[in-house]
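A short worksheet on the structure shown next.
The values are calculated or read from the model by the stated rules, or taken from the named source; none is laboratory data. Worth saying up front: this structure is predicted, and the values here are computed from it rather than measured. Neighbour counts run over all protein chains shown; Cβ positions are idealised from the backbone, glycine included.
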Amino acid sequence: MNHPISNHINTLLEACTSFGKSQNKVSEMDLGYDFSNEVIVITGAAGTIGSGLTRLLLGCKFKMLILIDNAETPLYYLQKELEALPLAQVHFVLADIRDNACMEDLFKTYAPTCIFHTAAYKHVSMMESNPYEAVKLNIWATKSLADLALAYHLDKFIFISTDKAVNAISVMGMSKRICERYLEHLNLKGTTKFLVARFGNILESNGSLIPLFTKQITQGHPLTVTHKDVTRYFITKVTACNLILKLANLQNYEHHVFTFNMGNPVNILELAYGFLKRNNLSIQGNINIIGLKSGEKLHEEIISQQEELKPTPDQDIFYVVKKDKTTPTGFDLEPIASLTPYDTVSAIKMVLKSYL
């Protein structure tokens, strides 16, 4: 049976096959972004977005780069990958951003001016069964870092969010939406600019769809797709990281929440067809529809009905603007602070839902 594959899907799959050949050359690119006066912190530096930003920043001017991660082996591998480069102004810090005393000491030691906050728990199904971990890392650690950024008068705090924060039904999405709202609140408090970068799925990110498909094919298993109609927004890692740096380099900010040109949503079943075709495998018997898991949507959205898109000076970056133009007057996180690891999943989700 013939299944035609769209140009958009073919382009995405081509990016998958070519990315591994080019990723180690990324740092040789002169992107022209000027961070020469910036002491930059990247949290989750060994992760997909963190390491991608690191490689791109090595092709830019910067004053100092502090790379933080609590995953020892991935951070070590990143350090080994980059050790052939002149890294006098790059510091690798093994630390947990949930350790507030440690983070404050880091602020005092390095006096950062800009943070790219990429560290987070991102897997929807994992956070559905471990919601308190999402509270600790995604919400509470973000709050603590943002509060430090405000107290130490940083210039910019760039927070990596997700389309799952829009009309959120999952713990992961709710945790990200709560952070978006908290940072919106902090923008009224001082001179630090808290910027939200709201993406769809990052193609080939750690543990995501394409690596999963690759593993399933390698092991001789059928590709698993949750639903025949499920769709997702996708963007390549290099494109996403490049747009984040563009966002950080904008001179004036009319608004503080952004999204990006990611093309049309992709049907995952069609993506699976294309993946099999590129691997010269038959569709028959090689796809298994397993059903949506808890917290998963059939379709993601990049903005809610209460929001609209406005252009920025860059054609691939858009402001996300609230239609009602109301200004938040306060944001009380005490109900979240009262949660414990002994609370039930439903109890934690009930508290998180109250903030949406």
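Could we say that R177 is in contact (Cβ under 8 Å) with a residue 12 or more places away in the chain, crowded, with 16+ Cβ neighbours inside 10 Å and not in a helix (DSSP H, G or I) here? Considered against the rule, which asks whether it is in contact (Cβ under 8 Å) with a residue 12 or more places away in the chain, crowded, with 16+ Cβ neighbours inside 10 Å and not in a helix (DSSP H, G or I), R177 comes out as no. The residues in region 293-322 that are under 20 Å from S175 (Cα atoms) and in a loop (DSSP other than H, G, I, E, B) can be counted, and the count is 13.
Within region 186-200, how many residues are outside any loop (DSSP other than H, G, I, E, B) and in contact (Cβ under 8 Å) with a residue 60 or more places away in the chain?
The initial filter retains those residues of region 186-200 that are outside any loop (DSSP other than H, G, I, E, B), namely 186, 193-199.
Then drop every residue that is not in contact (Cβ under 8 Å) with a residue 60 or more places away in the chain, which leaves 193-199.
The total comes to 7.
For region 54-69, a residue qualifies if it is assigned to a loop (DSSP other than H, G, I, E, B) and touching a residue at least 40 places away in the same chain (Cβ under 8 Å), and exactly one does: C60. A151 falls short on exactly one of the conditions (1) surrounded by 24 or more Cβ atoms within 10 Å (Cβ to Cβ); (2) out of contact with any strand residue (DSSP E or B) (no Cβ under 9 Å at 6 or more places or on another chain); (3) of a type in the set (A, V, I, L, M), and that condition is (1). Checked against the criterion of being touching a helix residue (DSSP H, G or I) at 6+ places or on another chain (Cβ under 6 Å), of a type in the set (A, V, I, L, M, F, W, C) and either at pLDDT below 95 or exposed (fewer than 10 other Cβ atoms within 10 Å of the Cβ) (or both), region 290-300 has no qualifying residue. Among the residues of region 276-291, is any within 20 Å of L223 (Cβ to Cβ) and without any contact (Cβ under 8 Å) to a residue 40 or more places away in the chain? Within region 276-291 (the criterion being within 20 Å of L223 (Cβ to Cβ) and without any contact (Cβ under 8 Å) to a residue 40 or more places away in the chain), the answer is yes, since at least one residue qualifies. Take the conditions (1) surrounded by 15 or more Cβ atoms within 10 Å (Cβ to Cβ); (2) under 19 Å from the mean Cα position of the chain (by Cα); (3) part of a helix (DSSP H, G or I); S125 misses just one of them, which is (1).
Among the residues of region 18-29, is any outside any helix (DSSP H, G or I), closer than 26 Å to K156 by Cβ and at pLDDT below 70? Spell out how you get there, then give the answer.
Initially, region 18-29 is screened for residues outside any helix (DSSP H, G or I), giving 29.
Applying the additional criterion that residues be closer than 26 Å to K156 by Cβ yields 29.
With at pLDDT below 70 added as a condition, the list becomes 29.
Yes - at least one qualifying residue is present in region 18-29.
Checking T142, T214, T224, T218 one by one, the residue that is touching a strand residue (DSSP E or B) at 6+ places or on another chain (Cβ under 6 Å) and among the hydroxyl-bearing types (S, T, Y) is T224 and no other.
I want to confirm something. Restricting to region 69-117 and keeping residues that are of a type in the set (K, R) and loosely packed, with under 15 Cβ neighbours inside 10 Å, which single residue is farthest from T192 (Cα to Cα)?
Initial filter on region 69-117 (of a type in the set (K, R)): 80, 98, 108.
Adding the requirement that they be loosely packed, with under 15 Cβ neighbours inside 10 Å leaves 80, 108.
Working: K80: 34, K108: 17 Å.
The residue in question is K80.
Take the conditions (1) assigned to a loop (DSSP other than H, G, I, E, B); (2) closer than 26 Å to N130 by Cβ; (3) without any contact (Cβ under 8 Å) to a residue 12 or more places away in the chain; (4) among the hydroxyl-bearing types (S, T, Y); S346 misses just one of them, which is (1). Take region 97-142 and flag every residue that is among the small types (G, A, S), within 21 Å of Y182 (Cβ to Cβ) and touching a Lys or Arg at 6+ places or on another chain (Cβ under 6 Å). Across region 97-142, the qualifying residue is only A141.
Residues checked against (1) assigned to a helix (DSSP H, G or I); (2) in contact (Cβ under 8 Å) with a residue 24 or more places away in the chain; (3) touching a Phe, Trp or Tyr at 6+ places or on another chain (Cβ under 7 Å):
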site	(1), (2), (3)
I42	no, yes, yes
G52	yes, yes, no
T73	yes, no, no
M103	yes, yes, no
F107	yes, yes, yes
F116	no, yes, no
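So that you can scan it fast, the table gives a plain yes or no per residue for (1) in contact (Cβ under 8 Å) with a residue 24 or more places away in the chain; (2) aromatic (F, W, Y); (3) assigned to a helix (DSSP H, G or I):
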{"residue": "I202", "(1), (2), (3)": "yes, no, no"}
{"residue": "I210", "(1), (2), (3)": "yes, no, yes"}
{"residue": "F213", "(1), (2), (3)": "yes, yes, yes"}
{"residue": "I217", "(1), (2), (3)": "yes, no, yes"}
{"residue": "G220", "(1), (2), (3)": "no, no, no"}
{"residue": "T224", "(1), (2), (3)": "yes, no, no"}
{"residue": "D229", "(1), (2), (3)": "yes, no, no"}
{"residue": "T239", "(1), (2), (3)": "no, no, yes"}
{"residue": "K246", "(1), (2), (3)": "yes, no, yes"}
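Per the conditions (1) in contact with a helix residue (DSSP H, G or I) (Cβ under 7 Å, 6 or more places away or on another chain); (2) more than 23 Å from A46 (Cβ to Cβ); (3) not in a helix (DSSP H, G or I), the sole criterion not satisfied by G274 is (3). Just one of the listed residues (A149, A120, A141) is modelled with pLDDT of 95 or more, farther than 22 Å from S205 by Cβ and small (G, A, S), and it is A149.
Condition check for I283 on (1) within 20 Å of F116 (Cα to Cα); (2) surrounded by 15 or more Cβ atoms within 10 Å (Cβ to Cβ); (3) modelled with pLDDT under 90: one failure, at (1).
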